[in-house]
1. Can you compute the FRET efficiency between residue 220 and residue 154 using 1/(1 + (r/R0)^6), with r the Cβ-Cβ distance and R0 = 22 Å? Round to the nearest 0.05.
2. May I ask which of 296/322; 51/367; 296/406; 467/490; 467/506; 490/533 have a Cα-Cα span longer than 19 Å here?
3. Rank the residues 340, 513, 129 as a footprinting-exposure proxy: fewest other Cβ atoms within 10 Å of their Cβ go first.
4. If you take the square roots of the eigenvalues of the alpha-carbon gyration tensor of the range 214-301 and sort them as a ≥ b ≥ c, do you get rounded (a/c under 1.5), prolate (a/b over b/c) or oblate?
5. Quick one: Cα centre-to-centre distance for the range 547-581 and the range 460-493, in angstrom?
6. From the backbone phi of the range 106-116, what are the Karplus-calculated ³J(HN,Hα) couplings (6.51 cos²θ - 1.76 cosθ + 1.60, θ = phi - 60°) in whole Hz, Gly and Pro given as x?
7. Give the shape of the range 501-562 as rounded, prolate or oblate, defined through the alpha-carbon gyration tensor: a ≥ b ≥ c are the square roots of its eigenvalues, a/c under 1.5 means rounded, and otherwise the shape is prolate if a/b is larger than b/c and oblate if not.
8. Assuming a ≥ b ≥ c are the square roots of the Cα gyration tensor eigenvalues, decide whether the range 248-428 counts as rounded (a/c under 1.5), prolate (otherwise, with a/b larger than b/c) or oblate.
Amino acid sequence: MCGIVGAVAPRDVTPILVEGLRRLEYRGYDSAGVALITADGVLDRRRAQGKVQQLADNIAAQPISGHRGISHTRWATHGVPSERNAHPHFSEGQVALVHNGIIENHDELRAELRGKGYLFSSETDTEVVAHLINDTLKLNGGDLLASVQTAVKRLHGAYAIVVVSPLDPDRIVAARAGCPVVVGHGDGENYVASDVQALLPVTRRFQFLEEGDVAEIRESGIRIFDAKGAVAERPLRESSLSAESVERGDYAHYMLKEIFEQPRAIADTLAERITGKRVLEAALGPKAELLLPRVKSVHIVACGTSYHAGLIARYYIEQGAKLPCTVEVASEYRYRDPVVPPNTLFVAISQSGETADTLAALREARKLGYLATCAICNVPESSLVREADLTLMTRAGPEIGVASTKAFTTQLAALSLLGLVLARHNGMDASTEALFVRQIAHVPELVERTLKLEPQIKQWAQQFADKRHALFLGRGPTYPVALEGALKLKEISYIHAEAYPAGELKHGPLALVDADMPVVAVAPNNALLEKLKSNLQEVRARGGKLFVFADPDTGFQAEDGVEVLLMPEHIEAIQSPLIYTIPLQLLAYHVAVLRGTDVDQPRNLAKSVTVE
């Protein structure tokens, strides 16, 4: 995995391929490559370990051109980052292929293909698919479409593949199962990619492949076939996205834009990491399958918003995987002598990957006998990612606003996947994992529905704008959500806000409650609901004004001194922290706007804290 671009045109497509890869750099990668059918009718390629610019420099030094081509940026899952493991992969000069995802039965297929005389030049699961399609191509008289349709039926796992062959030079063929693929319609030329953003410079008209689809892309047009081989009609959509993703567009602030980008960012973070039934642990890197089964405890270290993500992950890991998990602030971790139990996984979380305290904590951890270190990060070239043993990249894309929004929710999505992998190795059965995977896959849609609550949240904001203090309450995994909500409000509106577990009210914060301090409560329908209701009665008895975000079936009703906003239905426990974060972000944003603060660049704060 990670980024795919392909094109068929009456002109040289090399610039399209390289520019498309540049637009996918935010997704994270360690190598890049292109392959084309040249004017001589043969396959040629250029590959480079490192950045797309290195690939561009290689092409400038040794030019390559052609009218049909494919390109890829890779994030290592099978095989270390290197030029020989970079995509595209060849098979006997007859097939070039790029691939996102993970092929779970690659060992079985490799053994079979070796028995037929195929030689392997890489350590990847992808090269197996190239040889398999080539082997099928020999039986189908050089028909690339039929060969791909036949070959993919033998693949287990998640994949998006794009294939080109000089034996069938007028087309390229794409297929998807569990990984996104989009085809783009141009004027006398057509395209394919893993992400709309890659193709925005050349088209805004797209079709999205559905599960099991195979697509044929020619200059003259595009045909899509479903999993049964029948011609399929997929809606032609016109994208409204800007070709420059870091522009604000119609949004008043970057923060608001980034709040509304969360459905896509979360979907991107989940893509290629899950099938319909399980999490693909190789998404954490080549060492994951060796290291993760040995984990007996987890130690999470982070700062600020990322620390709150770690606190939520503790519930995923302890309740789901039944493994002990500790979470602490990175700046404190560095100045004590932590006891490291055998086979402990050290997890460092950072949006930028350059947070000074978190990076220093990782470096200290490498000396202390942990089983392995793991980075959850949004910036692939960051120091944290380069220095960790395992990595799980979030795919939030550029986040300009200082107050983190989509970086936080994509961290939660990534951490839920880590928790499920650890749970599988510690006894979770396949049916339970499949249930949780389905629930996680539903999160982007639930976030979309939650964002539609903005008008009511905007009205609530008016009751906060003249206040000086606010209190946020939660229980269980939504207590860290309350912490994050309070942090957002104080960061951008400059209102003093604190969060407490609701059960701690009578141990101090209840003394501050009065009619002038709004109290925000997060109330999903879980085992702690009745206890939370009792806690909130304590607030009402002291004259406090309550603002409750609640599941529809919790029984909360608006009354004097109690405002209730009903969340979407069917929020499951594993989804709650992600979904309930959204309205708290919107509340903080609209309060800040009413108070006239600098939303995107709040005073005294920086996006990446690179000093102690």
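1. Values: r = 30 Å, r/R0 = 1.37.
Approximately 0.15, to the nearest 0.05.
2. Working: 296/322 9 Å; 51/367 30 Å; 296/406 30 Å; 467/490 12 Å; 467/506 23 Å; 490/533 26 Å.
Check vs 19 Å cut-off fails for 51/367; 296/406; 467/506; 490/533.
3. On the way: 340 15, 513 21, 129 29.
Fewest-to-most ranking of 340, 513, 129: 340, 513, 129.
4. Values: a/c = 3.04, a/b = 1.22, b/c = 2.49.
Oblate.
5. Rounded to whole Å, the Cα centres lie 15 Å apart.
6. Working through the residues one at a time gives 5, 5, 4, 5, 4, 4, 4, 6, 4, x, 8 Hz.
7. oblate
8. Note, shape of the range 248-428 comes out oblate.
FYI, it's all coordinate maths here, none of it is from the lab. For clarity, every value in this text was computed on a predicted model and none was experimentally measured. All Cβ positions, even for glycine, are placed from backbone atoms using ideal geometry, and neighbour counts span all protein chains on display.
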